[in-house]
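We did not get these values from a lab; they are worked out from the coordinates using the rules stated. Keep in mind it's a predicted model, so treat the numbers as computed, not measured. Glycine also receives a Cβ, built like all others from the backbone with ideal geometry; neighbour counts cover every protein chain displayed.
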Amino acid sequence: MVRKRLLLLLKPFDLCLSHELAALPSSNRRKPIRDVDMVITIGGDGTLLQASHFLDNSIPVLGVNSDPTRPEEVEEFSEVFDATRSTGYLCAATVNNFEQMLEGILENRFEPSELARMAVSLNSKLISTSALNDVLLAHPCPSVVSRFSFRITQNGEPLSNLLHSRSSGLRVSTAAGSTAAMLSAGGSAMPILSKELQYMVREPILPDPNSHLMHGFVKSDEAMDITWFLQRGASIY
């Protein structure tokens, strides 16, 4: 078997290299991850998403859900509280089948799925971090009204009218992120391999004649241009 160099990322993001099992210096934890054959994240979706900020598209990631939901617990405590544990939607393995999954990967019996990530530019400058989950544009204080305008473009040419919004913010998600906050807010779950983006204006101030345009999709060959009229606000996941 060909020797593989694996990087384990453990919640809360302790870093160690397999074979050596040596912790990386804290000064290296913000540097891009390179020179490994695969990254294994042990935690949940949040751990995998955090790891994705340090990776380009050449390194596959295996997410291991370390605390999956136990159906027997959910049933036992259904009348008391919600016993659901980590969802692990992006995790291909759990603590129960990790050994079998890793063995299959090393023996080339499994192929990685290619998920779309979102590129973000600020003032025409590309941000180094791509979003695997979603981007939220909102003021850090939830009670502050966010003011912004947006339109869909293709090759720099507008495809839609310029829409103005006063709301609590704007969320744009990838297909992988469409089952998280986007779905909870009333959006649609997208096929996970889709290259499209989905956007939704959060809690728009009504009445607004364009309220039906506050939720939609951006195709893979399109872009979304947003003009933000506040000095603060942005989160990338």
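Rounded to the nearest whole Hz, the Karplus-based 3J(HN,Hα) values (6.51 cos²θ - 1.76 cosθ + 1.60, θ = phi - 60°) of the range 167-177 follow the sequence 6, 9, x, 9, 10, 10, 10, 7, 5, 5, x, with x at glycine and proline. The string of couplings for the range 90-97 from the Karplus curve (6.51, -1.76, 1.60, θ = phi - 60°) is 8, 8, 7, 9, 10, 4, 7, 10 Hz, one whole number per residue in order, with x for Gly and Pro. The charge dipole of the chain, taken about the Cα centre with unit charges on the Cβ atoms of Lys, Arg (+1) and Asp, Glu (-1), comes to about 1080 debye, rounded to the nearest 20.
Taking amide H as placed 1.01 Å from N in the peptide plane, the amide H of Gly63 sits under 5 Å from that of Thr41, Ala92, Ala93, each at least 5 places away or on another chain. DSSP beta bridges fully contained in the chain are about 75 percent antiparallel.
Can you give the FRET efficiency for Ala185 and Leu206, using 1/(1 + (r/R0)^6), R0 = 22 Å, r = Cβ-Cβ distance, to the nearest 0.05? The partial results should precede the final answer.
Details: r = 16 Å, r/R0 = 0.71.
E between Ala185 and Leu206, to the nearest 0.05, is 0.90.
The phi torsions of the range 135-147, fed into the Karplus equation with coefficients 6.51, -1.76 and 1.60 and a -60° offset, translate into couplings of 10, 10, 9, 6, 5, x, 8, x, 7, 7, 6, 8, 10 Hz, rounded to whole numbers, with Gly and Pro shown as x. When every Cα-Cα distance of the chain is counted in 5 angstrom steps from zero, the calculated P(r) takes the values 1, 6, 12, 15, 16, 14, 12, 10, 7, 4, 2, 0, 0 percent. Helical content alone sets the calculated 222 nm signal of the chain at -3000 deg cm²/dmol, taking -39,500 (n - 2.57) per DSSP H segment of four or more residues and averaging over every residue.
Computed FRET efficiency, Cβ-Cβ of Arg166 and Lys195, R0 25 Å: what is it to the nearest 0.05?
0.20
Students often forget the sequence filter, so: which lysines lie under 29 Å Cα-Cα from Lys4 once same-chain residues fewer than 8 apart are removed? Partners within reach: Lys31.
In cubic angstrom, how much convex hull volume per residue do the alpha carbon atoms of the range 136-237 span? Please list the in-between numbers first.
Values: hull volume 10.4 nm³, N = 102.
In the range 136-237, the Cα convex hull volume per residue is 102 Å³.
Within the shell defined by Cβ-Cβ distances under 13 Å, the residues around Asp221 carry a net charge of -1, with Lys and Arg each +1 and Asp and Glu each -1. Across the range 46-85, the residues whose backbone nitrogen lies under 16 Å from the label position 7 Å along the beta-carbon direction of Leu106 are 62.
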